[in-house]
1. Just the residues that are more than 26 Å from the chain's Cα centre (by Cα) and over 14 Å from residue 335 (Cβ atoms), please, taken from segment 373-389.
2. With 290, 265 as the choices, which residue is at pLDDT below 75, farther than 30 Å from residue 135 by Cβ and surrounded by 15 or more Cβ atoms within 10 Å (Cβ to Cβ)?
3. Any chance segment 7-19 includes a residue that's under 27 Å from residue 71 (Cα atoms) and either touching a strand residue (DSSP E or B) at 6+ places or on another chain (Cβ under 7 Å) or assigned to a strand (DSSP E or B) (or both)?
4. In segment 435-453, which residues are under 15 Å from residue 363 (Cα atoms) and exposed (fewer than 12 other Cβ atoms within 10 Å of the Cβ)?
5. Would you mind finding the one in 178, 113, 117, 168 that is touching a strand residue (DSSP E or B) at 6+ places or on another chain (Cβ under 8 Å), surrounded by fewer than 17 Cβ atoms within 10 Å (Cβ to Cβ) and more than 27 Å from residue 69 (Cβ to Cβ)?
6. Quick check, is residue 456 within 21 Å of residue 558 (Cβ to Cβ), modelled with pLDDT under 85, surrounded by 18 or more Cβ atoms within 10 Å (Cβ to Cβ) and touching a strand residue (DSSP E or B) at 6+ places or on another chain (Cβ under 9 Å)?
7. Can you say whether residue 331 is assigned by TED's automatic domain parsing to the domain that holds residue 403, in contact with a helix residue (DSSP H, G or I) (Cβ under 9 Å, 6 or more places away or on another chain) and under 30 Å from residue 438 (Cβ atoms), as far as the supplied structure shows?
8. Could you figure out which of (1) under 30 Å from residue 336 (Cα atoms); (2) at pLDDT 80 or above isn't true of residue 620?
C-alpha cells in the first residue's frame, strides 16, 4: 500500500468534479475499508471511527489507521424503536404521523425534527447529525451497529459526492434517502440499496451484517433487492393466522420465479435469436401463391394436429424447402445444438414448439402496444439425420400442451383471468380454451373481443418471398463481384458488332426478373390483375396485420414457432403449485421461516480426532468445519462464488456420510457440478475412501458403486430436479 495519505475530502472533491462515482470505482474504493471492519468483527473489535478525520484516501482506496478498538458502552439510554408497528418509519413528533396501511413497509417519512443542528443541545431521541456523527455515538455508545451507520454515510459521500459537514446537504440526503437513484443514475441499484439499509435512524432497522453487505457489493450484478424483502414486515403477513403464513411465504417465493421484464420471451416474444417460425418457413416458393394448398404449410390444421397428437415423427423436409431457403438449415441446426447443450448441462430440455400465441394489450402500462406471448407450448425434440441431403425430424414428446406459466400468472394478476396448467390435446381442443378465455373476459364488462385466427394470412408468403429474394440477390452479387469478360458474348467485328458494354448491361442490369420477384412486385406479375378473392383458398385470408385495436385480442394458431425458452425455473413453479394445493407441512420449512430465535447447536463444532474424520481430498479448516456442522443435523447453506471450494466440501461431505452408514441424495441444477463431485468419488478416490472405512469395507464400496451407477442411470434418463423431487416426494430420504 502506498504511503501517500490525503484527506477524505480530497476524494470527495474529485467525486464532485466527476458528477459522482461509477459503480466499479465506488466498490474498489470502499470495499477494503468494509472488509477490514468485518475482519475486526471476528475479533470482537470495531474500527472506531469517532471522527471523519480518522479516515484518509491514499489515492486508490479509503483507509483508516486502526488495529481495532473495544466497544463503547454509553451510560445514557439507547433509544429503542417504538413497539407500535407502522407502515412508515417515524421520528420526531409521532402523533403527527398517520398510519399507512398496505404491504409496502419500506416507506419512510421524516419530519424536520429528525435532524438536529445544535450539537450543544442534549440528545433526547434518535436524530440525524451533521459532521458524520451518529446519535448513538454522541450518547457514548459505539458498537458494530453504530459503525454500520457511520460507514453508510461514508459510502453515501463517495457514491454521490455529498459533504455531510454541510447541514443543508444532510437535510437533502435525509429527504431523498428513499430515492437515491436520482443522486447518481449511473450507479447500479445495488449500491443505492446498500446505502439505504445502512443509514436508517433506528438501530433496529440498520443492516446487521457486514458480511452480507460485502457479498452484495461484490456480486452486485446478480443482486435483486426484491428478493431481500422481509416478509414479516408486510401487512399481509402480520394479519394472517399462524397456520396460513406458510402458504403466504410459499406464494411469495413462487412469484419470485416469474420474470415479467421485456427480456423474457415467454411474455414479450420476438423471433430474433434462436427461434424459427415454422409456418413462414414452410411457405413454398411458387410463382402464384394461390396454388399453395393447406397441406403445404405447418400450422394448426387437421393434418398437423393428427401428427402431433399421435406423437408421430414429423419430417420437416416434407414442408421446408431447405435447398432454396439456405438460412433454414443453419437455423434449425443452431436450435438443435442449443437444446442438446441445455439437456447436457442441466438435464432439462427447453425446446418447445409454440402452437398458439396470444396477441393482447396491457391497459395498465400501454394500451397502444400489441404484445405477442406464447400461449400453448408443446415439448419436442429436434433430430438431424445425415445423408446425401440432411434431414430434420421433429419428435413430439407429449400430447399434453402446457399453458405458458408466465402469461398465466400475469393475466391473473392484471385481469383475474385464470388459465389451466395443461391441456391434453387428445381429450380437449384449443377451441375450448378460447371459449373459456372469452367467457372470463366477458364477465369483466371491458368490451374486449377475443378472436381465434385459425387461417394463415397470405401476407406471410410475401414476407418470406422478400427475404429469400434478398438473400439470393446478395449471393448473386457476391458471385459476380470479380468481373470476367470471358463469360460474355461480345464482338467488335465490322460485320457483327456486339459491344462488351451492351452485353454486360443486358446480363447484369437488364436481366430477367427473378422468379421470386413476381411475387413481390405486382407491376411485373403477369397474374397481378387476378384478384385474390377470385381463386381464394378457404384456409387463408388477406386481412392487414398492422391494425392496432386494444379491444381486439387474438389467439393465433397460424404462427407455429420452434425454439429454446428459458424454462428451467418454470418446473419449480409447478412444484410450488402442487405443494400449495396439497397444503403440505414440513418441519424444516417451518424452522427456516420461523420468527422465533434459533437455538444454536454446537454439537457439530466439538473437537473431533483425526481418526474420526474422512477427508478423501484436501480441505482447509473452514471446509472441515462445514463437514462437522453437518453432523449436528442442522440445515444450512454453503454459499460462495466459483473457485472457493464448494465442490471439494460436498465431496468430503458425501464421504463423511457414507463412512457413517448414511444415505445421500445429491441433486444439482447443472450436470457439470455432478460430474466434478463424482469424478472425485470414482477411480482412485473410491479406493481411498474405502480404505478409510474400518469395518465393513466391502459393503461400503458396494454402496458407493451403486451410488455411481445410480448417477449414470440418472443422467441417461435425462431426469431433471423437478422430476426427481416428484419421484421421492412421498419418501423420507434424509
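The values are calculated or read from the model by the stated rules, or taken from the named source; none is laboratory data. Everything quoted here is computed from the prediction, not taken from an experiment. Here Cβ is always computed from backbone atoms with ideal geometry, including for glycine, and neighbour counts include all displayed protein chains.
1. 385, 386, 387, 388, 389, listed by residue number.
2. Details: 265 fails: at pLDDT below 75.
Result of the check over 290, 265: 290.
3. Within segment 7-19, one or more residues are under 27 Å from residue 71 (Cα atoms) and either touching a strand residue (DSSP E or B) at 6+ places or on another chain (Cβ under 7 Å) or assigned to a strand (DSSP E or B) (or both).
4. Of everything in segment 435-453, those that are under 15 Å from residue 363 (Cα atoms) and exposed (fewer than 12 other Cβ atoms within 10 Å of the Cβ) turn out to be 444, 445, 447.
5. 178
6. yes
7. Working: assigned by TED's automatic domain parsing to the domain that holds residue 403: yes; in contact with a helix residue (DSSP H, G or I) (Cβ under 9 Å, 6 or more places away or on another chain): yes; under 30 Å from residue 438 (Cβ atoms): no.
Taking the combined requirement at face value, the residue does not satisfy it.
8. (1)
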